[in-house]
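Asks: The structure is given below, and queries will be raised subsequently.
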Amino acid sequence: MQKIVNEARAMLRESGWSSVSMRRLAARLDVKAPSLYKHISGKEELLQLLLAESLYSLGQRIHAAIEQEPTAASLLGAYRQAVLDDPHGYRLMSRTRFVNVASPSTLDAWIREAFITVAGDESKGLAMWAFAHGLVTAELVQEGSPATEETDGENASVASSNAENVEAVDAIWAAGAAAFH
């Protein structure tokens, strides 16, 4: 099962969710598509497995960070880096109802727990989580963000603009950490 999920994650990273199909996945695993269904019921189950894995990885990263240093800066930095390391997984989480604000899953509640612990209050913790989610989502679509492709070096003005964008986003993260301190 894990081999199937790992290959699907590789496909997701290469081309996004729309390129993931059971037929393509089977071909990459060098099996016939019907044999995949012995292990997984279909694309929806695969999506749920990928979402759970992404959310669990995010939770591990932020909980490890606050165990080392229980501050807003540490938590927000770990959240940001985890998302930038797995932007396709985060985009999947953001585009589905996997994360439910009104009725969180066990994994989602575990993520929130880190924010609430650092903030010292549920409302403030959820506000910090909303800040992190909103800013990292914006960062994922910002040209020049660490989550977008690198420039090829041919256009110095684009590279300079990208550096300015990264500096501006870094400053917003720092201001958010200070505001939730």
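Asks: One residue is enough: does segment 141-163 have a residue meeting the conditions open to solvent by 50 Å² or more (accessible area, probe 1.4 Å) and modelled with pLDDT of 90 or more?
Replies: no
Asks: Report, by residue number, each residue of segment 2-16 that is out of contact with any Lys or Arg (no Cβ under 6 Å at 6 or more places or on another chain) and at pLDDT 85 or above.
Replies: GLN2, LYS3, ILE4, VAL5, ASN6, ALA8, ARG9, ALA10, MET11, LEU12, ARG13, GLU14
Asks: Given the structure, is ALA171 at pLDDT 85 or above, farther than 17 Å from ASP86 by Cβ, open to solvent by 40 Å² or more (accessible area, probe 1.4 Å) and not in a loop (DSSP other than H, G, I, E, B)?
Replies: The answer is yes for ALA171.
Asks: Moving on. Does LEU47 count as touching a Gly at 6+ places or on another chain (Cβ under 9 Å) and touching a residue at least 12 places away in the same chain (Cβ under 8 Å)?
Replies: For LEU47, the condition - touching a Gly at 6+ places or on another chain (Cβ under 9 Å) and touching a residue at least 12 places away in the same chain (Cβ under 8 Å) - is not met.
Asks: Still on this model: Quick check on SER18: is it farther than 22 Å from ASP170 by Cα, of a type outside the set (Asp, Glu) and assigned to a loop (DSSP other than H, G, I, E, B)?
Replies: On the way: farther than 22 Å from ASP170 by Cα: yes; of a type outside the set (Asp, Glu): yes; assigned to a loop (DSSP other than H, G, I, E, B): no.
So SER18 does not fit the description; no.
Yes or no, residue by residue, for (1) touching an Asp or Glu at 6+ places or on another chain (Cβ under 9 Å); (2) aliphatic (A, V, I, L, M); (3) at negative phi:
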{"site": "ALA27", "(1), (2), (3)": "no, yes, yes"}
{"site": "SER35", "(1), (2), (3)": "no, no, yes"}
{"site": "LYS38", "(1), (2), (3)": "no, no, yes"}
{"site": "LEU46", "(1), (2), (3)": "no, yes, yes"}
{"site": "ARG61", "(1), (2), (3)": "yes, no, yes"}
{"site": "TYR79", "(1), (2), (3)": "no, no, yes"}
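Asks: Only one of these conditions is not met by VAL118: (1) of a type in the set (A, V, I, L, M, F, W, C); (2) at pLDDT 80 or above; (3) within 30 Å of GLU14 (Cβ to Cβ). Which number is it?
Replies: The one condition VAL118 does not meet is (3).
Asks: Taking segment 42-74 as the region of interest, how many residues are closer than 19 Å to ILE172 by Cβ and under 14 Å from the mean Cα position of the chain (by Cα)?
Replies: 1
Asks: Across segment 69-108, what is the total count of residues that are part of a helix (DSSP H, G or I) and exposed (fewer than 14 other Cβ atoms within 10 Å of the Cβ)?
Replies: Here is the first cut: in segment 69-108, the residues part of a helix (DSSP H, G or I) are 72-85, 87-94, 106-108.
Then drop every residue that is not exposed (fewer than 14 other Cβ atoms within 10 Å of the Cβ), which leaves 106.
Summing the residues that are part of a helix (DSSP H, G or I) and exposed (fewer than 14 other Cβ atoms within 10 Å of the Cβ) in segment 69-108 gives 1.
Asks: Which condition from (1) modelled with pLDDT of 90 or more; (2) surrounded by 16 or more Cβ atoms within 10 Å (Cβ to Cβ); (3) under 23 Å from GLY89 (Cα atoms); (4) of a type in the set (A, V, I, L, M) is the one that ALA127 breaks?
Replies: (2)
Asks: Check PRO70 against each of (1) in contact (Cβ under 8 Å) with a residue 12 or more places away in the chain; (2) out of contact with any Phe, Trp or Tyr (no Cβ under 8 Å at 6 or more places or on another chain); (3) under 15 Å from ALA132 (Cβ atoms) and name the one condition it does not meet.
Replies: Looking at each condition in turn, PRO70 falls short on (3).
Asks: Also, quick follow-up: Only one of ILE40, ILE4, ILE66 is crowded, with 16+ Cβ neighbours inside 10 Å and outside any helix (DSSP H, G or I); which?
Replies: None of the other options fit; the residue is ILE40.
Asks: For segment 25-36, name all the residues that are over 11 Å from MET1 (Cα atoms) and either open to solvent by 100 Å² or more (accessible area, probe 1.4 Å) or outside any loop (DSSP other than H, G, I, E, B) (or both).
Replies: Of everything in segment 25-36, those that are over 11 Å from MET1 (Cα atoms) and either open to solvent by 100 Å² or more (accessible area, probe 1.4 Å) or outside any loop (DSSP other than H, G, I, E, B) (or both) turn out to be LEU25, ALA26, ALA27, ARG28, LEU29, ASP30, LYS32, ALA33, PRO34, SER35.
The values are calculated or read from the model by the stated rules, or taken from the named source; none is laboratory data. These figures come from a predicted structure and were not determined experimentally. Note that each Cβ is placed from the backbone with ideal geometry, even for glycine, and that neighbours are counted across all protein chains shown. Accessible surface is based on the protein model in full, side chains and every heavy atom, while ligands, DNA and RNA are left aside. Shrake-Rupley method; radii C 1.70, N 1.55, O 1.52, S 1.80 Å.
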